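Peer 1: Would you mind keeping the following structure in view while I ask a few things?
Computed from the coordinates by the stated procedures, all read-outs in this text should not be read as laboratory data. In this text, all values refer to a predicted model and were calculated from it rather than measured experimentally. Cβ placement follows ideal geometry from the backbone for every residue including glycine, while neighbour counts extend to all protein chains displayed.
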Amino acid sequence: MSPRFGWFVLGIVTAFVGLVVGAYLFIRAGGVPMETSAKPLPLEQTVARLALRASLGNAAAEKNPLPVDDANMLAGVDQFKEHCAVCHGIPRRSPTAISKGMFPPPPQLFEKDDMVTRNPEGTTYWKVTHGIRLSGMPGFGSVLSNTQRWQVTMLVAHADKLSPAVRAALATVR
């Protein structure tokens, strides 16, 4: 092994240690804001989006096994009102104080802008089941049954074409 190679390796190790120590000092000095009102760090949204896509895998291909009918949609309304509405909203209502204080802001699932970016049902089901780390979105895999999670998924997937009965049930949320 030549002396040049040894210096090269030492340079790489020193650079790596310097980066780790620098990152630690940056974080320790408050360089990473933890308040929800802070602007995202450079590349934060990109890294989060990449990590989420990698975690989702083939979830988008998964299909809802339940029939789309008022019985399943109304059951989805019950679960949505209990577990989701405080963050994701109700049609024709202002976002809650809890929702306004979150970072990133949760999508208001019955608003036109968020309906446009609707996920495939399998993706929504994955998010309901597993949650999304560092976003405030909890996972309901151990709280709701598979059927209940699919019913909520169905409600969200069809938010732009709800029957009058389902709309009326949603309107009763406090």
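Peer 1: Rounded to the nearest 0.05, what FRET efficiency do Arg118 and Thr36 have when you use their Cβ-Cβ distance and R0 = 25 Å?
Peer 2: Values: r = 25 Å, r/R0 = 0.99.
Step by step, r from the Cβ atoms, then E = 0.50.
Peer 1: Quick one: net charge of His88's neighbours, Cβ under 10 Å, K/R +1, D/E -1?
Peer 2: Surrounding charge for His88 is -2.
Peer 1: Ranking request for peptides 94-107, 2-15, 57-70, 152-165: highest mean number of other beta-carbon atoms within 10 Å first, then the rest in descending order.
Peer 2: Output ranking for 94-107, 2-15, 57-70, 152-165: 152-165, 94-107, 57-70, 2-15.
Peer 1: Helix check for the chain. Which DSSP H runs span at least 24 Å along their own axis by Cα, with a mean Kyte-Doolittle hydropathy no less than -0.5?
Peer 2: Membrane-span-like by this rule: 3-28.
Peer 1: Next question, about the same structure. Grab the beta carbon distance between Lys100 and Val9, set R0 = 45 Å, and tell me the FRET efficiency rounded to 0.05.
Peer 2: The pair Lys100/Val9 has a calculated efficiency of 0.30.
Peer 1: To continue, here is another question. Once each part is reduced to its C-alpha centroid, what is the distance from segment 95-125 to segment 1-66 in angstrom?
Peer 2: 26 Å
Peer 1: Among Thr129, Gln108, Pro95, whose Cα lies farthest out toward the positive end of the dipole of segment 75-138, if unit charges sit on the beta carbon of Lys, Arg (+1) and Asp, Glu (-1)?
Peer 2: Most positive-ward Cα: Pro95.
Peer 1: What percent does the relative contact order of the chain come to when contacts are Cα pairs within less than 8 Å and at least six residues apart?
Peer 2: The normalised contact order for the chain reaches 26 percent.
Peer 1: Right, something else. Measuring from label point to label point, each 7 Å out along Cα→Cβ, what is the Leu50 to Lys81 span in nm?
Peer 2: In this crude label model, Leu50 to Lys81 measures out at 4.4 nm.
Peer 1: Right, something else. Could you point to the residue in Val68, Pro164, Met34 farthest towards the positive end of the chain's charge dipole, with +1 and -1 charges on the Cβ of Lys/Arg and Asp/Glu respectively?
Peer 2: The Cα lying farthest towards the positive end belongs to Met34.
Peer 1: Whole percent per 10 Å bin, from 0 to the bin with the longest distance: what is P(r) over all C-alpha pairs of the chain?
Peer 2: Calculated P(r), rounded to whole percents: 9, 29, 28, 14, 9, 6, 3, 1.
Peer 1: Rank-order 22-33, 80-91, 131-142 by packing density, defined as the average count of other C-beta atoms within 10 Å over each peptide's residues, highest first.
Peer 2: Listed from highest to lowest mean packing, they are 80-91, 131-142, 22-33.
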